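Take a look at the structure set out below.
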Amino acid sequence: MQVSETRDIPLLQQVLRAGFITSTQLFEFMTLQCAENRREAFNHRLRRLMNHGLIERIRGFARGRPGVCRISPEGASLLVDYGELFSGRTGVEGARESCTHWLELNDLHLSMLRARVLTRWIPATEICSQNDLTQFRYAKDYDAVAVLDRDGIGVRFAVEYERVPKTQARYQAIAQTLECEQLVDTVLYLVPNFHLLCKIRDYVVPRGTQVCVALYGEFTRMLLATPVIIAGSDRRDVPFEAALREAHTKRMRRSS
């Protein structure tokens, strides 16, 4: 099979990095990244990559979301040959229950791309690879890390999309894990409802890393202007951008 480095590889990379992705989401990613702008050509390319066994179509995993795809083992192996930062562990559970999680994370990523607030989006595949293969590790395998340019300063925050609650003990263990975080100043937990927001606010309270909690639906609309709650405090309705700047400033003061 002839592989185009400018057309096929970016498409395969996006499928790998997303975990699960719909064809509609994939086409928008390709359009926003200036890799494709004609739907007919995109559909032909996607069918071709599927026919060659590099992308798998998943049926029945996401209600109301047709055309769900994921990378095949052959597709992932090809990307490694092209230098993809991938250790073999995606960080994405292949179970049906996790599909909606990753499709909605794609929606969040797309909303940030449309608003042009992102400098870089580091996916779970790359985070897992860095954690597995290097000494320069994140404290945990986040869903993603977003990198922003705010007035010439690079600011990054980890994204955790929490659709389903964990136990109190599990959240307390996560808080202990985050005590070791050195690569991000802020972890943003996005949740579907206020009750889960309160649980994370009360139990994910590391001392060295700021944890912000916000509603997923609000964040996809308001992005950096979203009001967040700072975990372990009574501070609420803080604009997320202000919380980011504050945490970044504190770290700079500590390191100076």
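FYI, it's all coordinate maths here, none of it is from the lab. Predicted model only: the values in this text are computed from it and were never measured. We place every Cβ from the backbone using ideal geometry, glycine too, and count neighbours over all the protein chains shown.
For this structure, a couple of remarks:
- Residues of the range 1-54 that turn out to be β-branched (Val, Ile, Thr) and more than 24 Å from LEU105 (Cβ to Cβ), as a count: 2
- Residues being under 13 Å from LEU113 (Cβ atoms) and in a helix (DSSP H, G or I) - total across the range 28-48: 5
- Any chance ARG89 is touching a helix residue (DSSP H, G or I) at 6+ places or on another chain (Cβ under 8 Å), under 29 Å from PHE219 (Cβ atoms) and without any contact (Cβ under 8 Å) to a residue 60 or more places away in the chain: yes
- Any hit, the range 1-10, residues being in a helix (DSSP H, G or I), on the phi < 0 side of the Ramachandran plot and under 18 Å from the mean Cα position of the chain (by Cα): yes
- Just one of the numbered conditions (1) closer than 23 Å to LEU133 by Cα; (2) aliphatic (A, V, I, L, M); (3) in contact with a Gly (Cβ under 9 Å, 6 or more places away or on another chain) is not true of LEU79: (3).
- The one condition in (1) crowded, with 20+ Cβ neighbours inside 10 Å; (2) of a type in the set (Val, Ile, Thr); (3) over 29 Å from PRO66 (Cβ atoms) that ILE153 fails to fulfil: (1)
- Restricting attention to the range 2-23 and to residues that are in contact with a strand residue (DSSP E or B) (Cβ under 6 Å, 6 or more places away or on another chain) and closer than 19 Å to ARG38 by Cα, the residue that is surrounded by the fewest Cβ atoms within 10 Å (Cβ to Cβ) turns out to be THR22.
- Qualifying residue in the range 137-145 (condition: in contact with a strand residue (DSSP E or B) (Cβ under 8 Å, 6 or more places away or on another chain), among the hydrophobic types (A, V, I, L, M, F, W, C) and closer than 23 Å to PRO206 by Cα): yes
- Count - residues of the range 111-160 that are more than 15 Å from the chain's Cα centre (by Cα) and closer than 20 Å to TYR216 by Cα: 3
- Taking the range 132-178 as the range and being among the β-branched types (Val, Ile, Thr) and assigned to a loop (DSSP other than H, G, I, E, B) as the test, the residues that pass are THR134, VAL164, THR167.
- Residue in the range 49-62 that is aromatic (Phe, Trp, Tyr), under 23 Å from LEU103 (Cβ atoms), in a helix (DSSP H, G or I) and within 21 Å of the chain's Cα centre (by Cα) present: no
- Of the numbered criteria (1) closer than 20 Å to LEU224 by Cβ; (2) crowded, with 19+ Cβ neighbours inside 10 Å; (3) of a type in the set (D, E, K, R), the one ARG70 fails is (1).
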